[in-house]
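Okay, structure first, notes after.
The values are calculated or read from the model by the stated rules, or taken from the named source; none is laboratory data. The model shown is predicted, which means the values in this text are computed figures rather than measured ones. We place every Cβ from the backbone using ideal geometry, glycine too, and count neighbours over all the protein chains shown. With ligands, DNA and RNA removed, areas are computed over all heavy atoms of the protein, side chains included. Shrake-Rupley method; radii C 1.70, N 1.55, O 1.52, S 1.80 Å.
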Amino acid sequence: MSQIQEYQIELLVGDITTLPVDAIVNAANKTLLAGLGGVDLAIHSAAGPGLQTECWTLNGCETGEAKITGGHALPAKHIIHTVGPVYTGAEEEPLLLAECYRNSLNLAKENDLHSIAFPAISAGSYGYPAEEAAQITVKAIDAWQKENPSYDIRVIVVCFDEEMLQVYRQAMGLL
Ligand code: APR
């Protein structure tokens, strides 16, 4: 008999900046200053200039780590900024990408947050192949949930388009 794995991860298609959750996660760069594109620029544009001012105080962020700010003008209460690896195929990159999810979830728990929405970290301008990134994402979130079984948190992965949704559905065994 084969066992069916059911993940406690919600998939949504759309713009992460519109979500009224406790925290949205930003796929940031190490400076934590507004990026030139992608979800980072979308978040800074929607949150307003107060976000940049708060980010200046954080002294950047290392790859795989995460830092928290207020949500400013966003419907989300907080923003968790994490920095994914730039994809080169090096051995440590899957672990660093998994750390982004793990450290973001740890930070959400430390701040008593109960809903969090992730974009597909590193899968845009940082070049991580979408299928690999999706598998790492699903495994990292699932591992964290299994390590924190009594902590109630809604975990959403936001896919920017239908194509990415299909990649995540595949990674979750839903296709
Ligand atoms: N909502 C949800 N997802 C989005 C949005 C949005 N508004 N905008 C872009 N995305 C998706 C992209 O389609 C991609 O699948 O987020 C995913 C991650 O892409 P990037 O934003 O390019 O993030 P990343 O690959 O981690 O690159 C980070 O880009 O903006 C700069 O400062 C940032 O240097 C850093 C780099």
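Worth pointing out:
- Per this entry, Ala133 is not counted among residues that are within 16 Å of the ligand (Cβ to nearest atom), among the aliphatic types (A, V, I, L, M) and either over 15 Å from Pro85 (Cα atoms) or not in a helix (DSSP H, G or I) (or both).
- Enumeration of residues in the stretch 7-33 that are open to solvent by 30 Å² or more (accessible area, probe 1.4 Å), β-branched (Val, Ile, Thr) and part of a strand (DSSP E or B): Val13
Table: residues versus (1) farther than 27 Å from Tyr151 by Cα; (2) touching a residue at least 12 places away in the same chain (Cβ under 8 Å); (3) within 15 Å of the ligand (Cβ to nearest atom).
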| site | (1), (2), (3) |
| --- | --- |
| Ile16 | no, yes, yes |
| Ile24 | no, yes, yes |
| Ala27 | no, yes, yes |
| Ala47 | yes, yes, yes |
| Glu91 | yes, no, no |
| Lys109 | no, yes, no |
| Leu113 | no, yes, no |
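- Residue match in the stretch 143-162 (condition: over 16 Å from the mean Cα position of the chain (by Cα), within 18 Å of Ile9 (Cβ to Cβ) and within 13 Å of the ligand (Cβ to nearest atom)): yes
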